[in-house]
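Worksheet: the structure to be examined is printed underneath.
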């Protein structure tokens, strides 16, 4: 069942799913903490390798402690990912149900040429190889095309924004440091002038005597 235009309708649904999933991801998965945890785990892995070479009792105890800490770090990292997956699953399945119900079995011409697949099956990589190109498509292929493009654009936009914010923060800190140095110089200058004025007043008093 088409309301306005099948291409636009599927594209809008795909876009909504991408935006909502990205919002959920940002709320439930702290990427900064994940990177920090991964860096710590790499350091611990190096230490474990070094301890394995020694083989004494003290090294074994230290190795067990580090392995336990790594497991705890992995569990903490996975919690956010699991929460995101549990919340986002209904969103994806809901979108698929709606799209399948509205546009199942329908073929239409996409605004851009798309690859054709023979017996495509998601779990079989051998069916991912295109056998040709054409405009005619079904809802599933068009949905994935829009979903992929929108995901890439949003990911690039967020990375650029992160770099701009980081750069702005560096510039701001540099300006504050410069301001602090300038204030220190002004303070030193005022102290020097105050000392000079005190010396002049003292000299004036001595001359008057």
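The values are calculated or read from the model by the stated rules, or taken from the named source; none is laboratory data. Everything numeric in this text was worked out from a predicted model, so none of it was measured. Heads up, the Cβs are rebuilt from the backbone with ideal geometry, glycines too, and the neighbour counts pull from every protein chain shown.
Here is a yes/no grid of residues against (1) part of a helix (DSSP H, G or I); (2) more than 27 Å from residue 145 (Cβ to Cβ); (3) under 30 Å from the mean Cα position of the chain (by Cα):
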{"position": "12", "(1), (2), (3)": "yes, no, yes"}
{"position": "17", "(1), (2), (3)": "yes, no, yes"}
{"position": "22", "(1), (2), (3)": "yes, no, yes"}
{"position": "34", "(1), (2), (3)": "yes, yes, yes"}
{"position": "40", "(1), (2), (3)": "yes, yes, yes"}
{"position": "48", "(1), (2), (3)": "yes, yes, yes"}
{"position": "61", "(1), (2), (3)": "yes, yes, no"}
{"position": "78", "(1), (2), (3)": "yes, yes, yes"}
{"position": "83", "(1), (2), (3)": "yes, yes, yes"}
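For segment 50-66, a residue qualifies if it is exposed (fewer than 14 other Cβ atoms within 10 Å of the Cβ) and either closer than 25 Å to residue 162 by Cα or at pLDDT 80 or above (or both), and the qualifying residues are 61, 64, 65.
On the basis of being in a helix (DSSP H, G or I), in contact (Cβ under 8 Å) with a residue 24 or more places away in the chain, crowded, with 16+ Cβ neighbours inside 10 Å and touching a strand residue (DSSP E or B) at 6+ places or on another chain (Cβ under 8 Å), does residue 7 make the cut? Criteria met by residue 7. Within segment 134-152, being assigned to a helix (DSSP H, G or I), surrounded by fewer than 16 Cβ atoms within 10 Å (Cβ to Cβ) and in contact with a strand residue (DSSP E or B) (Cβ under 8 Å, 6 or more places away or on another chain) holds for no residue. If the condition is being farther than 13 Å from residue 142 by Cβ and assigned to a helix (DSSP H, G or I), then segment 101-115 contributes only 101.
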